[in-house]
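> Here it is: the structure, laid out below.
Coordinate-derived values only; no laboratory data. This one's a predicted model, so the numbers in the text were calculated from it and none came from an experiment. We place every Cβ from the backbone using ideal geometry, glycine too, and count neighbours over all the protein chains shown.
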Amino acid sequence: MKVNIAACITEPGSSERNKTGGWRVFKPVVNNERCIDCGSCWIFCPEACISRKEGGEYQVDLDYCKGCGICANECPTEAIEMVLEEK
Amino acid sequence: MPRRDVMHGSRAVAEAVRLCDVKVVAAYPITPQTHIVEDIAEMLANGEFDAEYIMVESEHSAMSACIGASATGARTFTATASQGLALMHEVLWIASGMRLPIVMVNANRALSAPINIWNDQSDSIAERDSGWVQIYVETAQEALDSVIQAYRIAEHEDVLLPVMVCMDGFVLTHTVEPVEVPDKEQVAEYLPELRLPHVLDPEKPVTMGALGDPNYYMECRKQQEIAMEHALRHAEQADEEFRGIFGRGYGLFEEYNMQDAEVVLVTMGSVAGTVKETIDMLGADVGLLRLRLFRPFPKEAVRRALSEAKVVNVIEKDVSVGFGEGALMTELKSVLYGSDVRVLGTVAGLGGRDITTEHVRQAIERAERALRGEKVEEVAWAGLKEEAL
């Protein structure tokens with residue numbers, strides 16, 4: 001792909017191509033048994049990669065989650081654990 | 001009709017800005033550049049041309065405002081000197097990285113400390129790697145003409161790089177010289193309207209200056225280097241066409257008395273006048289190569305021009321502290337690598353110390369002694385008060 005002069009971005013939505021999940025060291029694992037559906041993780045996630053499924057289950061889009069751990073830190077019931085990502 | 005007049009070098013620059021129909025000027029005053037932006041403000045207040053004049057709180061902001069303005073496709077100008085240029089440092093790289101054809105005049109002045117408002121060229125030479133085209137001028141007329149040429153070079157679709165026109169502070173900015181002010185219609189004929197490939201426009205949104213991760217950053221830098229290669233060609237062409245229309249041209253560098261000269265002095269800026277004077281006075285068989293385009297460096301052409309020389313002495317108003325010589329000397333040695341030309345250096349005129357014909361004579365004498373095979377100093381500091389060290 002040719003890079004535009006000065007890397008000018010001429011089409012919207014190109015940031016989606018940059019899958020920042022590759023930067024992650026720890027990934028959030030949600031224990032839905034402990035979740036009280038308060039939505040704090042969804043509100044605080046700076047990358048907007050937590051979504052709420054029908055029925056109140058939360059899931060993380062690991063393509064974009066950088067593993068910052070804010071969701072785990074904010075969760076009032078400690079339902080999110082940051083787990084070292086290993087291959 | 002062109003107008004013949006006498007004026008300060010600063011005024012000549014302001015006239016060029018008016019003639020180029022610049023749309024945005026963002027500037028912060030600093031000695032010895034203040035005249036330039038004052039004169040532009042006066043012209044705007046008098047209705048001599050129409051531009052947005054943005055008063056800012058620092059040079060960092062001045063260049064930032066120029067970047068924003070230039071990104072909308074407006075022809076943009078600023079001027080600075082010394083500490084002001086140093087304060088702009090990080091923003092200079094953004095202007096060139098975003099490939100915006102901003103033109104800036106730098107009124108060359110020494111850097112602190114100790115604080116010093118007088119002329120040397122350390123300020124702009126310290127910015128040699130910032131991705132800006134750099135032109136060094138000898139006269140007020142050349143300053144005026146080079147600003148016009150600068151827009152022509154900067155705005156070419158194959159170039160799109162910012163250009164810094166460097167004129168010696170006080171020596172040129174505050175000296176009254178005869179100047180021919182070109183006709184505005186002729187300048188319009190020479191300088192087509194600015195058209196950028198991408199502009200900030202709410203009707204057609206784009207993102208400029210976004211993240212360039214390791215996948216893209218190197219390509220952006222290489223694109224700048226390619227643009228610099230184009231700039232070399234277009235600077236020459238812009239000068240030739242300028243000569244065709246206005247009857248004056250300067251080349252990428254000026255050669256004076258170079259015919260069969262085995263000793264050649266190399267310098268940049270206004271001191272070339274003193275060097276020519278000295279060569280004439282002594283009737284010396286010594287040439288002068290006055291480099292005008294420092295970035296991109298016309299390596300091939302300089303190598304060719306110096307192919308008959310035996311000893312070169314670089315007189316320059318800067319020093320790379322810790323390397324023991326000026327940057328131009330270092331670069332010239334690099335350009336001449338593999339040839340038999342001996343390169344000597346003369347650090348002169350730092351912080352406004354006068355460079356006299358006697359200093360130039362000494363530089364010639366040292367080069368001639370080297371030519372005869374005598375042992376000489378590689379680098380000498382002209383007019384240094386040894387007893388004060």
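> Would you calculate the separation in nanometres between label points at residue B:185 and residue A:59, each defined as 7 Å from the Cα along the Cα-to-beta-carbon direction?
Modelled inter-label distance: 7.2 nm.
> So, one more: So if a site counts as exposed when it's one of the trypsin sites (Lys or Arg not before Pro), its DSSP state isn't H, G, I, E or B, and it has at most 11 other Cβ atoms within 10 Å, what's the longest stretch of chain B without one?
B:1-194
> Bins of 20 Å, beginning at zero and ending with the bin holding the largest distance: percent of Cα pairs per bin for the protein assembly as shown, please.
22, 45, 22, 10, 1
> What number, in nm² with one decimal, is the all-direction average of the projected area of the convex hull of the alpha-carbon atoms of chain A?
7.6 nm²
> What 222 nm value per residue comes from the helices of chain B, counting each DSSP H run with n ≥ 4 as -39,500 (n - 2.57) and dividing by all residues, nearest 500 deg cm²/dmol?
The per-residue figure over chain B is -12000 deg cm²/dmol.
> Right, next: Just report the Cα centroid separation between segment B:177-201 and segment B:284-361, whole Å.
A separation of 33 Å, based on Cα centres.
> Roughly how many Å is it from the Cα centre of segment B:228-257 to that of segment B:52-94, as a whole number?
About 27 Å separates the Cα centre of segment B:228-257 from the one of segment B:52-94.
> Residue A:27: which lysines have alpha carbons under 28 Å from its alpha carbon, excluding same-chain residues fewer than 8 sequence positions away?
A:19, A:53, A:66, A:87
> Only bridges with both residues in the protein assembly as shown count here: give the DSSP antiparallel percent, nearest 5.
Antiparallel bridges: around 35 percent, rounded to the nearest 5.
> Rounded, prolate or oblate: which fits chain B when a ≥ b ≥ c are the square roots of the eigenvalues of the alpha-carbon gyration tensor, with rounded for a/c under 1.5 and prolate only if a/b beats b/c? Please report the intermediate quantities before stating the final value.
Working: a/c = 1.68, a/b = 1.52, b/c = 1.10.
Prolate is the answer for chain B, as a/c is 1.5 or above and a/b outweighs b/c.
> How much length, in nm to one decimal, is gained on full extension between residue B:42 and residue B:1, taken as 0.36 nm per residue of separation minus their Cα-Cα distance?
Additional length available on full extension: 12.5 nm.
> Give me the count of lysine pairs in segment B:253-388 whose alpha carbons sit under 25 angstrom apart, restricted to pairs 8 or more positions apart or on different chains.
14
> Right, here's the next one. How well do other chains shield peptide B:206-215, expressed as the mean number of their Cβ atoms within 10 Å of each residue Cβ?
Values: counts 6, 8, 6, 4, 6, 4, 3, 3, 0, 3.
Rounded to a whole number, the mean comes out at 4.
> Over the Cα atoms of segment B:73-194, what Rg and Dmax result, in angstrom?
Every Cα atom of segment B:73-194 included, Rg and Dmax give 14.6, 46 Å.
> So for segment B:180-333, what are the equivalent ellipsoid semi-axes in whole Å, largest first, each being the square root of 5 times an eigenvalue of the Cα gyration tensor?
Values: eigenvalues 267, 116, 36 Å².
Semi-axes (√(5λ), whole Å): 37, 24, 13.
> Could I ask something else about it? Amide H neighbours of residue B:26 under 5 Å, counting only residues 5+ apart in sequence or on other chains, H built in-plane at 1.01 Å?
Result for residue B:26 returns B:54, B:77.
> Hey, can you grab everything whose amide H is under 5 Å from the amide H of residue B:168? Only 5+ residues off in sequence or another chain; H modelled, so Pro and N-termini drop out.
Close amide H contacts, sequence-distant or interchain: B:108, B:137, B:270.
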